[in-house]
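The structure appears right after this line, and notes come after that.
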Amino acid sequence: MFGVFAPGEDVARLTFFGLHALQHRGQESAGIATSDGERIRLFAEMGLVTQIFDERALAGLPGTHAIGHTRYSTSGSSRVENAQPFLVKGPHGPMAVAHNGNIVNAELLRESLEEEGVTFEASSDTEVIARLLVNASGETWEQRFAQLMRRATGAYSLTILSPEGVFAARDPMGVRPLCIGELDGGYVFASETCALDHLGARFVREVQPGEVVRADEDGLTSWFPVGRRDLDVVSAQRLCLLEFIYFARPDSHMGGQLLHPARMRMGAALAREHAVDADLVIGVPDSATAAAIGYSQESGIQYAEGLMKNRYVGRTFIQPDQRLREQGVQLKFNPLVEVIKGKRLVVVDDSIVRGTTTPRVVKMLRDAGAAEVHLRITSPPIMNPCFYGVDMASRGELIAAHNDLEEIRQHVGADSLQYLSIEETVAATNMAEGSHCTACFTGDYPGEVPLQLDKLALEVSDVDEARDRHALPVLERIEV
């Protein structure tokens, strides 16, 4: 997500470049909404940012403030109707909403709004947020945001555009990141600080969990709709640990930390926990590169680039033919045979989710002449689904949920396999223990989640086990 309030600037163009810097967070669709203080204009389509916006599209988006979004679907299908931002109208006028995260009680909220006569156009939980906010009964923004935060359960970082200004908000757990920057007298909001860097904006601070920040002609104002004291007592920050491991760009700051050295510390911790005799350390690019350097420095084993990544692969609308499909990861990676042939390799990667890609990487390295392949993973085993904004498989599809370490090693074809412990992963972030959401590793969800048995259970017969293991209530309708 990106947002900007900067009268006198080409805000649509600023938003375009901000979204381009955040393209790694979503490749399905993108959109920009602008306002001149009276009306809101929106342009959104399926595809990558550079595929959607050209000079003509940007020229049709005048204004003094704007928000933008590049989508990675976790709720609602991947179609243009669910592209963001969402433009809605209600008793308090028009607004556009962009959202990163996942509302776990979205279906209940949708049913409640439909009973009140509100109609929906798409299937995304972002539209639920937009309809809830635009139809809230409060006369002030403070009152309307208070209603939203009391009713919506789950993870949400938001940028919201109204004719009078731009709002940025985070849920009380702070699961998804959001930051503030200053640019030539104006203000910008972004999911990651790397977007600020590309625009020459000065990083101000992160939006706090449970906080709403408003940028308008009066400058910046902020408030906590559910009360600061309530936040301290009820809900501490739970920033997603996967953001540190692989989701965010390594040149972004998060939780007060630059992610590149944090990932290097994860690699160093891996070397201490799981040493092995080898000739070279290589990383699976790009998210594991920093960790591989950390492993090399700690172990004293030489680091080398053994896999080259085609950075233009991404998600496209052109599918490979059957011959190329069978080659699998060779569309994305190419091994440097002269570097790795005959070598014992430590291969550092950030995670193993379903266990479909890793065996292909190992086979590629063996075919290129690697003598040994020792896999080291800079995260604990992923054993539980995510309900807070990562489109992760159901529990039955997660390889670590129903296989032990040796079974996974045999499946991927490595000579050895080891994961970083949860304690060392958290320690590498330099944040206080308990400041992260670690649910996908530990099963300890920081808030209520829906009892989606098809997502939590390994098999239908495991329904009772899933209920007992997670102790997750079926969410009930919330009356406010």
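Laboratory data are not the source of any read-out in this text; all were calculated from the coordinates shown. In this text, all values refer to a predicted model and were calculated from it rather than measured experimentally. Glycine gets a Cβ as well: all are built from the backbone with ideal geometry, and neighbour counts include every protein chain shown.
Listed highest first by mean packing, meaning other Cβ atoms within 10 Å per residue, what order do 180-193, 271-284, 376-389 come in?
Most protected by this proxy first, the peptides run 376-389, 180-193, 271-284.
Calculate for the chain the 222 nm mean residue ellipticity that helices alone would give, adding -39,500 (n - 2.57) per DSSP H run of length 4 or more and normalising by residue count, nearest 500 deg cm²/dmol. Don't jump to the answer; show the numbers that get you there.
Values: 18 runs with 141 residues, N = 480.
Result for the chain, helices only: -8000 deg cm²/dmol.
In the neighborhood of Leu199, defined by Cβ-to-Cβ distances under 13 Å, what is the net charge if each Lys or Arg adds +1 and each Asp or Glu adds -1?
On the way: positive: Arg13, Arg202; negative: Glu9, Asp10, Glu182, Asp184, Glu192, Asp197.
Here the count lands on -4.
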Cβ-derived FRET efficiency at R0 51 Å, Leu220 paired with Lys309, nearest 0.05: 0.85
Reachable lysines from Lys332, criterion Cα separation under 18 angstrom, eight or more residues apart if same chain: Lys309, Lys363
Overall form of the range 136-273 per C-alpha gyration tensor (a/c, 1.5; a/b vs b/c): oblate
Long-range amide H partners of Ala370 with built H, under 5 Å: Gly342
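Which whole number in µm²/s is D for the range 89-178 by Stokes-Einstein, with the Kirkwood Rh taken over Cα pairs at 20 °C and 1.002 mPa s?
Numbers: Rh = 13.1 Å.
Translational diffusion coefficient: 163 µm²/s.
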Cα shape, the range 2-237, gyration tensor, a/c 1.5 rule: rounded
Difference of contour (0.36 nm per residue) and Cα-Cα distance, Leu258 to Asn403: 48.8 nm
Kirkwood-based Rg to Rh ratio, the range 245-305, C-alpha trace: 0.99
Karplus-derived HN-Hα couplings along the range 159-168 (A = 6.51, B = -1.76, C = 1.60, θ = phi - 60°), whole Hz, x at Gly and Pro: 10, 10, 10, 10, x, 8, x, 10, 10, 10
The chain, relative contact order [Cα under 8 Å, separation at least 6], %: 13 percent
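Just order 394-406, 240-252 by mean Cβ neighbour count inside 10 Å, highest at the front, would you?
Details: 394-406: 16.5, 240-252: 22.5.
Ranking the peptides 394-406, 240-252 by packing returns 240-252, 394-406.
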Assigned charges on the beta-carbon of Lys, Arg, Asp, Glu; the range 243-314 dipole about Cα centre (debye): 220 debye
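Where nothing but the Cβ of Lys and Arg (+1) and of Asp and Glu (-1) is charged, how large is the charge dipole of the chain around its Cα centre, in debye to the nearest 20? It would help to have the intermediate numbers written out before the result.
On the way: 45 positive and 66 negative charges, 197 e Å.
Roughly 940 debye, rounded to the nearest 20.
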Listed residue (Gly181, Gln237, Val412) projecting farthest to the positive dipole end of the chain, Cβ model: Val412
Per-residue HN-Hα couplings for the range 356-368 [Karplus 6.51, -1.76, 1.60; θ = phi - 60°; Hz; x = Gly/Pro]: 9, 7, 4, x, 5, 5, 4, 4, 4, 5, 5, 4, 7
Degrees, to the nearest 10: 106-115 long Cα axis against longest axis of the chain: 20 degrees
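So what's Rg/Rh here for the chain, counting alpha carbon atoms and using the Kirkwood radius for Rh? Don't skip to the answer; put the middle values down first.
Values: Rg = 22.8 Å, Rh = 23.4 Å.
Result: Rg/Rh = 0.98.
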